[in-house]
Amino acid sequence: MKEGDAKAKGRSSSGTHPAQHLFWILLLVLIGLLIWSPMQDEPAIPVSYSAFRSLVQEGQVDQVVIQGYEIRGTLTDPIERPVAGAEEPQEVQRFLTHVPAFGDDGLLPLLEDQGVEIRTEAESDFSWWLILLYGLPFLLVLLFFVFFLRSMQGQGQRMFSMGESRARAYERTDEATTFADVAGQAGAKRELEELVSFLKDPSHFERVGGEVPRGFLLVGPPGTGKTLLARAVAGEAEVPFFHMSGSDFMEMLVGVGASRVRNLFKEAKEAAPSIVFIDELDSVGRKRGAGLGGGHDEREQTLNQLLSELDGFDPNQGVVVLAATNRPDILDQALLRPGRFDRKVTVDLPTPADREAILAIHARRKPLSKDVDLSAIARSTPGFSGADLKNLLNEGALLAARRGHDEITQDDIDEARDKILLGLEREGMLLTEDDRKLLAYHEGGHAVVAAVVPNADPIHKVTIVPRGRAMGVTQQLPDRDRYVYSRDYLEDRLAVLMGGRAAEGLVLNTSTSGAEEDLRQASQLARKMVLSWGMSDAFGNLAPSSAQQEVFLGQDIAQRQEFSDTTAREVDEAVREIVASAFTRAVSILEENRDGLDRVADALLEDEEIPGSRVLELLGRNGTQDSPE
Ligand code: ADP
Ligand code: MG
Ligand code: ZN
């Protein structure tokens with residue numbers, strides 16, 4: 001669903017604020033003054049003092065204004081006069097001249113004799129140019145301030161609406177999202193349908209004395225459709241829906257988040273029955289007082305406000321709060337207490353059948369060629385979320401367009417999947433013959449081990465075309481989704497990971513930096529086996545730590561070191577043993593299949609990319625392992 005679908009309507013203030021009007025008015029006035037002030041005494045033409053005197057004597061001057069040394073005057077009738085700078089003589093009625101510095105005692109009597117009207121004005125330096133000169137810096141500061149605040153607040157005129165809830169209220173539209181737009185997620189839908197029927201008819205629940213839970217927490221990995229589900233609830237229930245993201249509460253100023261929470265709930269209560277949806281709840285709802293660098297005042301205040309709002313309304317008032325998060329583990333326990341978010345709705349990664357349904361939904365508006373097999377795509381994309389699948393189809397469409405097809409073919413989609421999983425092909429990378437040989441044996445090593453061990457995922461393809469960050473790839477695609485890993489599977493996986501380095505050593509008697517990623521993955525996996533899954537001989541079925549938690553800000557630091565230094569050393573020893581035995585296993589597999597390895601490496605040097613079936617063929621193992629192709 002596109003963001004715009006829901007026809008979001010801004011409830012928060014729009015337009016300008018008085019202070020902003022003031023600013024623009026000020027600016028206009030200044031500009032007006034600048035234009036107007038020179039116009040006032042525009043056509044005064046400078047004349048020499050002697051010319052001025054003779055004009056007076058001839059009785060042509062009507063009136064003068066004397067200001068300091070400056071005399072401005074008006075003639076009774078305009079006269080033609082040659083003017084400096086102009087070729088033609090010009091018509092002069094208003095003129096300007098200067099009294100000599102030593103004064104002219106005879107001027108005043110002369111003017112009086114001729115009956116000229118005399119006005120005097122106080123000498124002053126007052127000028128609009130000076131105002132501008134002094135005013136400009138202030139103006140600039142003001143401008144800077146306004147733009148700075150604006151950019152700080154993101155787009156729009158939020159500067160003056162900090163405390164407002166900024167929730168977007170969704171209008172009921174014909175194209176509203178409904179449960180039909182969400183594929184799979186049967187469990188989540190079932191829970192939410194109950195909520196929908198409550199919102200449609202709250203009295204029905206009251207009659208039987210039932211209380212509807214007020215808080216639903218949608219929990220699941222990113223891209224699995226949590227936001228989509230929340231929109232679907234709104235679409236189904238046809239009630240006002242107030243949508244805010246946790247990060248919207250977070251502002252630079254302490255107290256703003258809390259007041260937004262207050263306003264959000266106020267609006268929702270006024271519109272009851274209604275739904276409040278807080279997306280990315282973890283960004284406000286983190287454990288308080290945890291993490292590095294002490295508490296975060298603003299967040300704590302916002303969270304406290306949220307907690308008190310959750311408590312502060314009667315469940316039958318008709319406001320239901322939905323929230324979504326992909327990190328339930330870092331949420332403050334207080335949020336999960338009964339009476340708050342007491343219903344957890346799990347939104348999981350889709351099963352293969354669900355993936356097919358999701359693909360079908362997103363393929364609705366795309367022209368697919370007949371050869372596209374959605375069910376095969378679904379099977380070859382384990383671990384893809386709904387958002388990933390949508391992206392896959394989109395990438396496929398882009399590729400089809402680039403290739404000038406009218407329809408998206410299976411080939412386009414396969415290519416798009418490789419691009420997503422492995423990165424783009426890197427073109428123009430020149431490798432020496434030696435490098436290519438190293439690569440071919442490295443990948444050949446992975447491939448041969450993968451083909452021989454009993455529990456490995458089928459090989460999809462092997463390539464020595466550099467893609468993304470990898471120089472070559474042996475791509476395995478699981479034939480089914482795995483939810484648990486057996487020890488046999490993990491040990492085979494480790495052997496496959498070590499296959500690359502083993503082949504380098506066996507054939508070329510060297511080791512390369514290309515194995516870095518393999519080694520990193522292998523030691524990570526082995527550590528997990530020891531620490532979390534109780535799969536080492538040294539520890540037996542003990543798991544020295546429940547989990548090797550990543551250090552991240554929401555966790556208490558003190559929690560991390562759970563075992564003694566001695567245990568730590570023993571863990572390292574056990575990890576080393578697991579990796580070492582995987583390596584030995586890889587080497588012996590390759591030694592046994594030395595001819596096969598050579599054939600695979602040669603094929604790679606020749607074709608650069610070979611399908612998994614070809615590997616099996618070259619090893620004379622047809623049918624032992626079936627590739628998804
Ligand atoms: P989340 O909020 O869980 O991170 P979203 O709801 O934002 O994920 O999902 C992103 C997009 O992926 C959705 O807009 C939708 O197009 C697609 N999507 C995810 N799950 C599904 C699903 N079960 N059915 C259909 N589309 C889905
Ligand atoms: Mg989301
Ligand atoms: Zn490798």
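The values are calculated or read from the model by the stated rules, or taken from the named source; none is laboratory data. None of these values were measured; they are calculated from a predicted model. Positions of Cβ are generated from backbone atoms using ideal geometry, with glycine treated the same way; all protein chains shown enter the neighbour counts. Heavy atoms of the whole protein, side chains included, go into the accessibility calculation; ligands, DNA and RNA do not. Shrake-Rupley method; radii C 1.70, N 1.55, O 1.52, S 1.80 Å.
Given points 7 Å out from each Cα along the Cα-Cβ axis, report the Phe147 to Lys370 separation in nanometres with one decimal.
6.1 nm
Take the Cα atoms of region 309-352, find their three principal axes, and give me the spread along each one in whole Å, biggest first.
42, 23, 13
State the three equivalent ellipsoid semi-axes of region 352-422, derived from the C-alpha gyration tensor as the square roots of 5 times its eigenvalues, in descending order and whole Å. Provide the component values of the computation, followed by the final result.
Details: eigenvalues 62, 34, 21 Å².
For region 352-422, the semi-axes come out at 18, 13, 10 Å.
Please report the orientation-averaged projected area of region 45-124, defined via the convex hull of its C-alpha atoms, in nm². Kindly include the intermediate steps, with their values, before the conclusion.
Details: hull surface 21.5 nm².
That works out to 5.4 nm².
For Trp533, Trp24, Trp129, give the ranking by accessible area with the largest first, probe 1.4 Å. Working shown, then result.
Numbers: Trp533 100, Trp24 135, Trp129 160 Å².
I get Trp129, Trp24, Trp533, largest accessible area first.
Sorting His98, His362, His442 by accessible area (1.4 Å probe), largest first, what list results? Don't skip to the end; give the middle numbers.
Details: His98 100, His362 50, His442 10 Å².
In descending accessible area the options line up as His98, His362, His442.
Would you kindly state how much longer the chain becomes between Arg487 and Glu70 on full extension, computed as 0.36 nm times their sequence separation minus their alpha carbon distance, in nm to one decimal? Provide the component values of the computation, followed by the final result.
Values: separation 417, 0.36 × 417 = 150.12 nm, distance 10.40 nm.
Taking Arg487 through Glu70 to full extension adds about 139.7 nm, to one decimal.
Describe numerically, in nm with one decimal, the distance between label points set 7 Å from Cα along Cα→Cβ at Leu431 and at Asp104.
9.8 nm
What list of ³J(HN,Hα) values in whole Hz, one per residue of region 227-232 in order, does the Karplus curve 6.51 cos²θ - 1.76 cosθ + 1.60 (θ = phi - 60°) give from phi, with Gly and Pro shown as x?
4, 4, 4, 4, 5, 5
Kindly provide the chymotrypsin sites (Phe, Trp or Tyr not before Pro) of region 431-493 that DSSP labels as loop, not H, G, I, E or B, and whose Cβ sees at most 14 other Cβ atoms within 10 Å. Before the final figure, lay out each step's value.
Details: sites: Tyr441, Tyr483, Tyr485, Tyr489; in loops: Tyr483, Tyr485.
Taking region 431-493 and a limit of 14 other Cβ atoms within 10 Å, the loop chymotrypsin sites (Phe, Trp or Tyr not before Pro) found are Tyr483.
Efficiency by 1/(1 + (r/R0)^6): what FRET value for Glu608 and Gln521, r their Cβ-Cβ distance, R0 = 25 Å, to the nearest 0.05?
On the way: r = 24 Å, r/R0 = 0.95.
Efficiency at R0 = 25 Å is approximately 0.60.
Using a 1.4 Å probe and counting only protein heavy atoms, arrange Glu117, Glu309, Glu70 so the residue with the most accessible area comes first. Each step should come with its number before you reach the end.
Working: Glu117 95, Glu309 20, Glu70 60 Å².
The ordering from most to least exposed comes out as Glu117, Glu70, Glu309.
Okay, which of region 470-510 sit inside 17 Å, backbone N to the point 7 Å along the Cα-Cβ direction of Asp598?
Under 17 Å, as judged by backbone N against the label point of Asp598, lie 503-509 of region 470-510.
Does region 433-618 come out rounded, prolate or oblate by the C-alpha gyration tensor, with a ≥ b ≥ c the root eigenvalues, rounded set by a/c under 1.5 and, if not, prolate when a/b is larger than b/c and oblate if not? Mind showing how you got there, number by number?
On the way: a/c = 2.06, a/b = 2.01, b/c = 1.03.
It is prolate, given that a/c is not under 1.5 and a/b is the larger ratio.
From the phi of every residue in region 181-190, what ³J(HN,Hα) in whole Hz does the Karplus formula 6.51 cos²θ - 1.76 cosθ + 1.60 yield, where θ is phi - 60° and glycine or proline is x?
7, 9, 8, x, 6, 4, x, 5, 5, 4
May I ask you to list the lysines whose Cα is less than 19 Å away from that of Lys344, ignoring any residue fewer than eight positions away on the same chain?
Within the straight-line limit of under 19 Å, Lys344 reaches these lysines: Lys189, Lys226, Lys287.
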